[in-house]
1. Is it the case, given these coordinates, that Ser14 is polar (S, T, N, Q) and at pLDDT 85 or above?
2. Residue pairs, Cβ under 7 Å, 6 or more apart or interchain, first in the stretch 5-30 and free of Cβ contacts under 8 Å to residues at least 24 places away in the same chain, second part of a helix (DSSP H, G or I). List them.
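The values are calculated or read from the model by the stated rules, or taken from the named source; none is laboratory data. Worth saying up front: this structure is predicted, and the values here are computed from it rather than measured. Cβ placement follows ideal geometry from the backbone for every residue including glycine, while neighbour counts extend to all protein chains displayed.
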Amino acid sequence: MSALNNPVIAFVVSLVIVVGYFVMVDHYLMDMQGLDFWYLFKN
């Protein structure tokens, strides 16, 4: 059974990509604007 044909594997890979993209956007965009999404959780 191919890993790409496994819905669970496909979901996990997609989730990793989405989280990675979100972290990248948060780091490069929000930091430049003086805003940090994770700052909300640090308080």
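1. Yes.
2. That search, which allows pairs on different chains as well, returns Ile9/Ala3; Ala10/Leu4.
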